[in-house]
Amino acid sequence: MGANPPCASCKLLRRRCGKDCIFAPYFPSDDPHKFALVHKVFGASNVSKMLLELPVHQRADAVSSLVFEAGARVRDPVYGCVGAISHLQNQVSQLKMQLAVAQAEILCIRMQQEEALASLLPLTCF
C-alpha cells in the first residue's frame with residue numbers, strides 16, 4: 001500500500017489506491033462519508049468519467065458540486081438542488097413581501113407623526 005492510506009473511494013470500493021488515483025485528491029480517507037454519498041447517487045464510474053473530462057483546476061469545484069447535489073438528492077430524491085433552490089426563492093419572495101409591508105407601515109407612521117406635529121405648530125400668516 002505505501003505510506004499514504006487509501007483514499008475514501010479506494011477504501012470503500014476495496015481497491016488499491018495508486019499515485020494516479022483520480023479520486024485521491026478530492027476524497028481523502030479521513031472523510032469517507034463524502035465519497036459514499038457521491039457514489040450512492042452518481043456511481044464511482046460516472047464520477048470518474050466526469051472528473052477525467054474536466055481540467056484539473058476545475059475538478060475540486062466539480063467535486064464540491066457533486067457532493068452538494070448528492071446530499072440534496074438524498075434529502076429530496078425527486079427535485080434535489082432544484083427543490084432547495086425553489087424553497088429558498090419562495091422564502092426570498094415572502095421576505096420581500098414582509099419588507100414591503102414593514103416599509104409601508106413605517107411610511108404611515110411617519111406621515112401620522114408629521115400630521116400630529118403640524119397640528120401642534122402655531123399657524124403663521126404672511
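Quick note: the coordinates plus some simple rules give every number you see, no bench work behind them. Every value quoted in this text rests on a predicted model; they were computed, and no experiment measured them. A quick note on method: Cβ atoms are made from the backbone with ideal geometry, for glycine too, and the neighbour counts reach across all protein chains shown.
Worth a mention:
- Crossing angle, helix 56-75 versus the chain [Cα axis fit, 0-90 degrees, rounded to tens]: 70
- Sorted by Cβ neighbour density within 10 Å, fewest at the top, the residues S48, S119, S65: S119, S65, S48
- Cα-Cα pairs of the chain separated by more than 25 Å (percent): 52
- Annotation: amide H-H contacts under 5 Å for S29 (H modelled 1.01 Å from N, sequence separation of 5 or more, or interchain): A8.
- Crossing angle, helix 80-120 versus the chain [Cα axis fit, 0-90 degrees, rounded to tens]: 20
- Electrostatic dipole magnitude of the chain [Cβ: Lys, Arg +1; Asp, Glu -1; Cα centre; debye, to 20]: 960
- Think of the chain as a dipole: +1 on every Lys or Arg Cβ, -1 on every Asp or Glu Cβ, centred on the Cα centre; then among Q98, V67, Y79, V67 lies furthest on the positive end.
- Normalised contact order of the chain, rounded percent, pairs of Cα under 8 Å and 6 or more residues apart: 15
- Ordering of 102-113, 69-80, 52-63 by burial proxy (mean other Cβ atoms within 10 Å per residue, highest first): 69-80, 52-63, 102-113
- The magnitude of the dipole of the range 1-75, with charges of +1 and -1 set on the Cβ of Lys/Arg and Asp/Glu and taken from the Cα centre, is near 300 debye.
- Cα pair distances of the range 1-75 binned at 5 Å [whole percent]: 3, 17, 29, 27, 17, 6, 1, 0
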